[in-house]
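The structure appears right after this line, and notes come after that.
The values are calculated or read from the model by the stated rules, or taken from the named source; none is laboratory data. What you are looking at is a predicted structure, and each value in this text was computed from that prediction instead of being measured. Positions of Cβ are backbone-derived with ideal geometry, glycine not excepted, and every protein chain shown enters the neighbour counts. Remember, those area values only see protein heavy atoms, side chains included, never the ligands or the DNA or RNA. Shrake-Rupley method; radii C 1.70, N 1.55, O 1.52, S 1.80 Å.
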Amino acid sequence: MTFDPGRLGEWSDTGRFDVSPQQVAAYAAATNEPPADYTAGVAAPPVFALLPAIDVYPQQIERLFGQTLASMGSVHGEHDLLIDQPVRPGTAVSTRVAVTGVHVKASGTAVVVQIESRGEGGALLNTQYAVQFLRGFDAGASA
């Protein structure tokens, strides 16, 4: 399976993720965050920022290769999260994704994505870099 390297760096359509106070409280409870810190609605736990990204970035990889992540043997690899501002309950987060690198290896292909999430008014909330490893998948060429 080959892909068009000219499509690297293309931004996806923007996804919208409405952050409810109930989601934040449930996430804090599931990750053993101190409830007093997050039930007041001031800010979500820092790693909550991954939820809007998960709604958007798998589809961008699937569009690049024309297959589902499951069919390509996908596993989540590394993930860097650079926070500019916290995600706040009761707001909407807009997220866009670009595949920025494809690295073919003997055991599969590593796909690097860049994710930007913005709050209401367009303020940058966070930038994320994630690696999805496609076990046994040969993308044809690194780019």
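Tabulated data for the structure shown
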quantity	calculated
Distance in nm between pseudo-label sites at Ala141 and Asn32 (7 Å out along the Cβ direction from Cα)	4.8
Rounded to 10°, Cα long-axis angle of helix 21-30 versus longest principal axis of the chain	70
Relative contact order [Cα under 8 Å, 6+ residues apart], the chain, whole percent	30
Euclidean distance between Cα centres, segment 39-100 to segment 110-136, Å	6
Percent accessible area from carbon and sulfur atoms, the chain, protein chains only, probe 1.4 Å	53
Derived scalar couplings ³J(HN,Hα) [segment 67-83; Karplus, 6.51 cos²θ - 1.76 cosθ + 1.60; whole Hz; x for Gly, Pro]	9, 6, 4, 4, 6, 9, x, 6, 9, 7, x, 7, 7, 10, 10, 10, 9
Solvent-accessible area per residue for the chain (1.4 angstrom probe, square angstrom)	50
